[in-house]
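Before any comments, here is the structure.
The values are calculated or read from the model by the stated rules, or taken from the named source; none is laboratory data. Please read these numbers as outputs of a predicted model, since none were measured by experiment. All Cβ positions, even for glycine, are placed from backbone atoms using ideal geometry, and neighbour counts span all protein chains on display.
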Amino acid sequence: MVKNIAVIGDSESIKGFGAVGMDMYLCDDPQESGNLLKRIADSEDYAIIYMTEGLFALCAKERTRFAERTIPAVIPIPSAAGGTGIGQKRLSQFVEQAVGSDILFGN
Amino acid sequence: MAVMNVNPTRMQMTKLKKQLQIARRGHKMLKDKRDELMRQFIELVRENQKLRAKVESSLEECNRHFINASAVMSKKALESSLMSSKHQTGVEVASKNVMSVDVPLFSAVSGSDDEGEIYPYGFAFTSFELDDAVMSLHQLLPDLIRLAETEKSCELMAAEIERTRRRVNSLEHVMIPRYEETIKYIAMKLEENDRSSRTRLMKVKDMLLEKAHGYSEKYE
């Protein structure tokens, strides 16, 4: 089963991803990001959806629908403005959920 | 711990004992499952942590390259040269079953293997900074895909571990003690019934002896 990769973000942050063969979805309006994610994920054409961190944080509600599914994987990436550490935070959340307390990062 | 609402009969006790045995076996198995999941999860988390640090710093570098490129090219030219990619990068999706959790396996399927093919534009009107930017992003691709794979696996496994942990705990601290208590309660009740019927028999025997022969055993 071959699926594609999508990238959601502002034009500044994701312009390069199109060049390496990913599908770009420009989203300059943060309010729209949730709907856009839903539309892209429901089309079931994509295995991986990268989102810039700012937008990623905004569609927490939409993401819960895909949390239990094997695909798509919704993954935050730092935007052009720089990383905000959401990726690390997310990881420590997983550890906390699984172990009961954050034993790896200690914060 | 509350005793279950059951009839104190021998049959019920046998049934409960069987259930207790199953509960114990289930508890042991779930505990093993949890431990193994946890071990693999921690490994994945460590890998994910490293990958993320790498991907984030590399993406930052890519962005720097793009900024350099946009410094020497007009915004319009830059965007139009990036717009038309020659190939589509796809991912072959498989799944692996880790302790009953289906985790995805991604492997990149690239449109072409030709090194020169990765640039979606002609070299005539673009700057070499743009080549650098696209090249570095292209090299990052395997890591990006691996990151997605591990992160999704972590997400799925964390949820499963949490569920398994709850089940282990509920078996260990609620179900098994409850079964034990109830079995004990039934055993005591049965013994009590036993004793009471024995004394009743003795009493009846006494009464019968006294009636038939005029003497009683109890004073001997």
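At-a-glance table
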quantity: Failed condition for residue A:77, given (1) facing chain B (nearest Cβ under 8 Å); (2) touching a strand residue (DSSP E or B) at 6+ places or on another chain (Cβ under 7 Å); (3) more than 12 Å from residue B:56 (Cβ to Cβ); calculated: (3)
quantity: The stretch A:28-52, subset away from every other protein chain (no Cβ under 11 Å) and under 13 Å from the mean Cα position of the chain (by Cα), residue nearest to residue A:80 (Cα to Cα); calculated: A:51
quantity: The stretch B:44-91 - residue that is assigned to a loop (DSSP other than H, G, I, E, B) and touching a strand residue (DSSP E or B) at 6+ places or on another chain (Cβ under 8 Å) and, of those, modelled with the lowest pLDDT; calculated: B:88
quantity: Qualifying residues in the stretch A:1-16 (those that are within 8 Å of another protein chain (Cβ to nearest Cβ) and of a type in the set (Val, Ile, Thr)) - the one surrounded by the fewest Cβ atoms within 10 Å (Cβ to Cβ); calculated: A:2
quantity: Only listed residue being more than 8 Å from chain B (Cβ to nearest Cβ) and out of contact with any strand residue (DSSP E or B) (no Cβ under 9 Å at 6 or more places or on another chain), chosen from A:63, A:69; calculated: A:69
quantity: Candidates B:192, B:210, B:129, B:149, filtered to the one that is within 38 Å of the chain's Cα centre (by Cα) and at negative phi; calculated: B:149
quantity: Residue among A:92, A:33, A:11, A:43 that alone is at pLDDT below 85 and under 30 Å from residue B:100 (Cβ atoms); calculated: A:43
quantity: Residue within the stretch A:17-25 that is farther than 17 Å from residue B:104 by Cβ, modelled with pLDDT under 85 and more than 10 Å from chain B (Cβ to nearest Cβ) present; calculated: yes
quantity: Any hit, the stretch A:87-95, residues being among the basic types (Lys, Arg), buried (at least 18 other Cβ atoms within 10 Å of the Cβ), within 12 Å of chain B (Cβ to nearest Cβ) and more than 13 Å from the chain's Cα centre (by Cα); calculated: no
quantity: Hits in the stretch A:7-16 (condition: assigned to a loop (DSSP other than H, G, I, E, B) and farther than 17 Å from residue B:136 by Cα); calculated: A:10
quantity: Search result, residues across the stretch B:30-45 that are exposed (fewer than 12 other Cβ atoms within 10 Å of the Cβ) and away from chain A (no Cβ under 14 Å); calculated: none
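Table: residues versus (1) in contact with a helix residue (DSSP H, G or I) (Cβ under 7 Å, 6 or more places away or on another chain); (2) of a type in the set (Gly, Ala, Ser); (3) not in a helix (DSSP H, G or I).
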{"site": "A:5", "(1), (2), (3)": "no, no, yes"}
{"site": "A:37", "(1), (2), (3)": "yes, no, no"}
{"site": "A:41", "(1), (2), (3)": "yes, yes, no"}
{"site": "A:55", "(1), (2), (3)": "yes, no, no"}
{"site": "A:62", "(1), (2), (3)": "yes, no, no"}
